Amino acid sequence: MIGDRKVLFSGMQATGNLTLGNYLGALKNWVNIADEYLTFFSVVDLHSITVRQDPAELRKRARALLTLYIAAGLDPEKNCIYYQSHVSGHAELAWILNCFTYMGELNRMTQFKDKAAKHADNINAGLFTYPVLMAADILLYQADVVPVGNDQMQHLEITRDIAQRFNAIYGDVFTIPEVYLGKVGARIMSLQDPEKKMSKSDENPNASIYLMDDTDTIIRKFKRAVTDSEAQIVYREEQPGIRNLIDIYVACTKKSVEEVEREFDGKGYGEFKLAVGEAVATELRPLQERVAQLSKDKAYLDGIIKNNAEKAEYYATKTLRKVQKKVGFPERVR
Ligand code: TRP
């Protein structure tokens, strides 16, 4: 809580091309709930360097992501949209929290195991303590709620454990955050393997719709989407490909599943795939136009970046000073 408002914190990494899954599953949902909270939406670039990045590319993508937050409908005057690296408190609190986190706990993190397997040549300490930095992000702003996907649940659990451990020693310092359990966004699956989540790191570009894909590309990818030979557009367990397409269509058109089943009763997959492709293109076009427009206005974006970094810094410093005092660091002489 800050004042009488509940705080919501979330963040995304600026690595890889954002997909329709990130948009329908997360970003769009943030926009729907943002008004109810005091919000912080971070572009978590400190997390990004846990795997090797090209510096120019990282900078470009980070700015593109920040632009996208705004283009998606998060008003940057009301929502604190900022780069994690612009607020040094994240790294400072992460260090302190590292000293309250056990190796054994971090060893259990499934995402670490996955990433370590994937980047076997660069299993660095940052990758190992990634969840502690994430805990610092959340606790720094005394966040009450954190909207995250299933893959981040374990990180939210460890955040709560660290906060409770710290509070047990030093008193009520941190708000214990809850995962946001409202209406969650759609879980969008790969177009090539509907048992797998659509992922920005998928090597097959046909598996994902990127937010900046043009209409032709979008329609082509949907035409190639893996389905089945049931030849029926119904929402059921045995047809994960069709189910995914229905989910996407529903998310873009706001029709119900029943309406969609009725609309395409007796129709072929080709026709349905085309309709889904067009619905997605229609959904993404205004977003792409706003991105293009915002990107042209360098001064405006720079102003937002500066103001929001200052705002984030203000709240972050409050928590950080309290924590520093609790653990016994000397007070600053003014
Ligand atoms: N680890 C998150 C992800 O990859 C991103 C993230 C970093 C985050 N810090 C956060 C999400 C704090 C929520 C809250 O999706």
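In the range 149-161, how many are over 12 Å from Thr101 (Cβ atoms) and either touching a Gly at 6+ places or on another chain (Cβ under 9 Å) or polar (S, T, N, Q) (or both)?
4
So, Lys200, is that one in a loop (DSSP other than H, G, I, E, B), within 12 Å of the ligand (Cβ to nearest atom), of a type outside the set (A, V, I, L, M, F, W, C) and touching a helix residue (DSSP H, G or I) at 6+ places or on another chain (Cβ under 9 Å) or not?
Yes.
Considering the range 204-239 alone, what residues qualify as being crowded, with 21+ Cβ neighbours inside 10 Å and either without any contact (Cβ under 8 Å) to a residue 12 or more places away in the chain or assigned to a loop (DSSP other than H, G, I, E, B) (or both)?
Passing the criteria: Ser208, Ile209, Leu211, Asp213, Ala225, Ile233.
Is it the case that Leu294 is in contact with a Leu (Cβ under 7 Å, 6 or more places away or on another chain) and of a type outside the set (Ser, Thr, Tyr)?
For Leu294, the condition - in contact with a Leu (Cβ under 7 Å, 6 or more places away or on another chain) and of a type outside the set (Ser, Thr, Tyr) - is met.
So that you can scan it fast, the table gives a plain yes or no per residue for (1) modelled with pLDDT under 95; (2) in a loop (DSSP other than H, G, I, E, B); (3) not aliphatic (A, V, I, L, M):
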residue: Thr39; (1), (2), (3): no, no, yes
residue: Leu46; (1), (2), (3): no, no, no
residue: Thr50; (1), (2), (3): no, yes, yes
residue: Arg63; (1), (2), (3): no, no, yes
residue: Leu66; (1), (2), (3): no, no, no
residue: Tyr69; (1), (2), (3): no, no, yes
residue: Lys78; (1), (2), (3): no, yes, yes
residue: Ile81; (1), (2), (3): no, no, no
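Exactly one of (1) modelled with pLDDT of 95 or more; (2) under 26 Å from Thr67 (Cα atoms) is unmet by Ile162. Its number?
Condition (2) is where Ile162 drops out.
Does any residue of the range 97-111 turn out to be closer than 19 Å to Leu58 by Cβ and surrounded by 13 or more Cβ atoms within 10 Å (Cβ to Cβ)?
No: zero hits.
For the range 115-155, give me the residue count where each residue is charged (D, E, K, R) and in contact with a helix residue (DSSP H, G or I) (Cβ under 9 Å, 6 or more places away or on another chain).
Number of matching residues: 3.
Looking only at the range 1-37, which residues are of a type in the set (Gly, Ala, Ser) and either at pLDDT 95 or above or away from the ligand (no atom under 14 Å from the Cβ) (or both)?
Passing the criteria: Gly3, Ser10, Gly11, Ala34.
Cβ contacts < 6 Å: first residue away from the ligand (no atom under 14 Å from the Cβ), restricted to the range 63-92; second residue of a type in the set (Lys, Arg), any location; separation 6+ or different chain. Result?
Pairs found: Ala71/Arg290.
From the set of residues in the range 112-134 that are surrounded by 15 or more Cβ atoms within 10 Å (Cβ to Cβ) and touching a Ser or Thr at 6+ places or on another chain (Cβ under 8 Å), which is nearest to Val179 (Cα to Cα)?
Met134
When only residues in the range 141-154 that are of a type in the set (A, V, I, L, M, F, W, C) and surrounded by 15 or more Cβ atoms within 10 Å (Cβ to Cβ) count, which is farthest from the ligand (Cβ to nearest atom)?
Among residues in the range 141-154 that are of a type in the set (A, V, I, L, M, F, W, C) and surrounded by 15 or more Cβ atoms within 10 Å (Cβ to Cβ), the one farthest from the ligand (Cβ to nearest atom) is Val145.
Can you tell me which residue among Glu105, Glu157 is away from the ligand (no atom under 12 Å from the Cβ), assigned to a helix (DSSP H, G or I), at negative phi and touching a residue at least 40 places away in the same chain (Cβ under 8 Å)?
The match here is Glu105.
The values are calculated or read from the model by the stated rules, or taken from the named source; none is laboratory data. Keep in mind that what you see is a predicted model, and the values were worked out from it rather than measured. Don't worry about glycine lacking a Cβ; one is built from the backbone with ideal geometry, like all the others, and counts go over all protein chains shown.
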